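Have a look at this one.
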Amino acid sequence: MTAPQLTTGAPPAAPDVVTTAPQPAIRGRSAGVPPALGAGGGPSRLRALDGLRLLAALMVAAYHFGGRSGEISQAWGGSPAQQFPTAAPLFAYGCLGVQIFFVISGFVICLSGWGRTLRAFIASRVSRLYPAYWAAILLVTAVFALPWVAYKALPPSEVLTNLTMLQQPLGVDRVLGVCWTLWAEMRFYALFALCVVLPGATRGRVVLFCAGWTLAAALAQAAHQPFLDTVLMPEYAPFFIGGVGLYLLHRYGARDPIAWAIVLVSWLIGQHYAVAGLWHAPSATAFSYRSTAAIIAVVTLGFALVAAVALGKLRWANWRWLTVAGALTYPFYLVHEHLGWVVVRALHHGIGLPSYATLILTVGLMLLLAWVLHRFVERPLTPALKRSIDPRR
């Protein structure tokens, strides 16, 4: 069985750097928002951002397991709305974890790309995205090929094409249905690399990038040209741009009116696309109904939480376990949906566990598998791949 076409999915790859390096004094920085420094004056990890990433991933997992129909209904043996009559309407909002994650990605890519060469930026992105992705592709394909699994693997040629991460523009079915978010991330990385990293990141250049992309995305929407839509991503651009604007607030302080304008405009446009994509009139045939107010509230909360990190309001959330949570987000994203179908079916039908126990245990097992992938795939392969692309580092 091929992966379903989704309009929303799990969060894309978590950027590998969420630290704030010591910076020279910047004119106009608010005295109340210094760079996050460790005890020795060195960089410290923005652990609250790691926690937000995992929260976004868990939101999407709730959506995939209990907030939508499709193959998960086959795994449960009926609609998730029957399994979770109270929670399913809430789980349906979990798909907005993707938009929240795009905001986080805009923040972190601007942070980690600032001051890097183009080669170093490419090495960072490739080494972060591909090792766990390759492992997940092969793992899901192998599991789906087992004779007692209800879901069928793709043909070998299509699996091999999926290893490039370019299957979507090539028109090839996806092994991982949720990897459409990686295609969106890759396009953001390309735009940021060409417009900011290649010429060198400066405040003016980043502001121009945000303004230019916002205008270009709006024009692309009006032009109704598929190529422009593919390159400029009007429906996702405001979330990435909003995250970049929030990083400017983090770097230059809360008194930066231009950065606030970028964030505000991005939020206004972003909520529009979220409502346009997820709201529909009440219908007896639809799986779920999402209210306009609730969609706007979730999008607003996502922007607000990243803003709280940017402005140092969540510095108190400096627990070490949040670093582990951030490390698990990407491999969890890759494996949770499709392998979750198999686990849900085995636990709910095979063993007879109740729905909520099955849901909790499935998420726990997917987190455990994510740790295995992080420990035995990402940790050894990511630095090796990075060095192979950029030996100077």
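Using θ = phi - 60° and the Karplus form 6.51 cos²θ - 1.76 cosθ + 1.60, what ³J(HN,Hα) does each residue of segment 319-325 get, whole Hz, x for Gly and Pro?
Using θ = phi - 60°, the values come out as 6, 4, 5, 5, 5, 5, 4 Hz.
If you don't mind, there's one more thing I want to ask. Send over the Kirkwood Rh of segment 173-244, from the inverse of the averaged 1/r over different Cα pairs, rounded to one decimal Å.
Values: mean 1/r = 0.0774 Å⁻¹.
Hydrodynamic radius (Kirkwood, Cα only) of segment 173-244 equals 12.9 Å.
What are the ³J(HN,Hα) couplings of segment 196-206, residue after residue, when phi is run through the Karplus curve with 6.51, -1.76, 1.60 and θ = phi - 60°? Round to Hz, x for glycine and proline.
10, 5, 4, x, x, 6, 9, 4, x, 5, 5
Next question, about the same structure. Give me the distance between the Cα centres of segment 180-256 and segment 354-374, rounded to whole Å.
35 Å
Could I ask something else about it? Report Rg(Cα)/(2.2 N^0.38 Å) for segment 218-310, keeping two decimals.
Ratio of Cα Rg to 2.2 N^0.38 Å: 1.25.
Okay, helix-only estimate at 222 nm for the chain: each DSSP H run of n ≥ 4 adds -39500 (n - 2.57), divide by all residues, round to 500 deg cm²/dmol; what do you get?
Helix-only estimate at 222 nm: -20000 deg cm²/dmol.
Amide H to amide H, which residues 5 or more places from residue 201 or on other chains are under 5 Å from it, using H placed in the peptide plane?
115
For residue 318 and residue 389 in one chain, what is 0.36 nm times their gap in residues minus the Cα-Cα distance, to one decimal in nm? Mind showing how you got there, number by number?
Numbers: separation 71, 0.36 × 71 = 25.56 nm, distance 3.27 nm.
Difference between extended and current length: 22.3 nm.
Moving to a separate point now. Accessible area of residue 386, 1.4 Å probe, to the nearest 10 Å²?
Surface open to solvent at residue 386 totals about 50 Å².
Suppose each label sits 7 Å from its Cα in the direction of the beta carbon; what would the residue 293-residue 272 distance come out to in nanometres?
Result for the modelled spin labels: 2.3 nm.
To the nearest 0.05, how large is the calculated FRET efficiency for residue 79 and residue 150 if R₀ is 25 Å and r is the Cβ-Cβ distance? Present the calculation step by step, with values, prior to reporting the outcome.
Values: r = 17 Å, r/R0 = 0.67.
Efficiency at R0 = 25 Å is approximately 0.90.
Here is a further query. Using just the C-alpha positions of segment 71-185 as equal point scatterers, what log10 of I(q)/I(0) does the Debye formula give at each q in 0.14 1/Å?
Values, matching the q order: -0.82.
Could you tell me the distance between the Cα centroids of segment 94-161 and segment 303-338, to the nearest Å?
17 Å
In nm, to one decimal, how far is the modelled label at residue 157 from the one at residue 229, with both set 7 Å along Cα→Cβ?
2.8 nm
Just the number, please: carbon plus sulfur as a percent of the accessible area of the chain, 1.4 Å probe, no ligands or DNA/RNA counted.
68 percent
Pop out the ³J(HN,Hα) list for segment 342-348 in order, Karplus 6.51 cos²θ - 1.76 cosθ + 1.60 with θ = phi - 60°, rounded to Hz; leave Gly and Pro as x.
Karplus values, whole Hz, x for Gly and Pro: 5, 5, 4, 4, 5, 6, 7.
I'd like to check one number: the per residue accessible area of the chain, probe 1.4 Å, reported in Å² as a whole number.
42 Å²
The values are calculated or read from the model by the stated rules, or taken from the named source; none is laboratory data. Quick caveat: nothing in here was measured; it's all calculated off a predicted structure. Positions of Cβ are generated from backbone atoms using ideal geometry, with glycine treated the same way; all protein chains shown enter the neighbour counts. Calculation scope for accessible area: heavy atoms of the full protein, side chains included, ligands and nucleic acids excluded. Shrake-Rupley method; radii C 1.70, N 1.55, O 1.52, S 1.80 Å.
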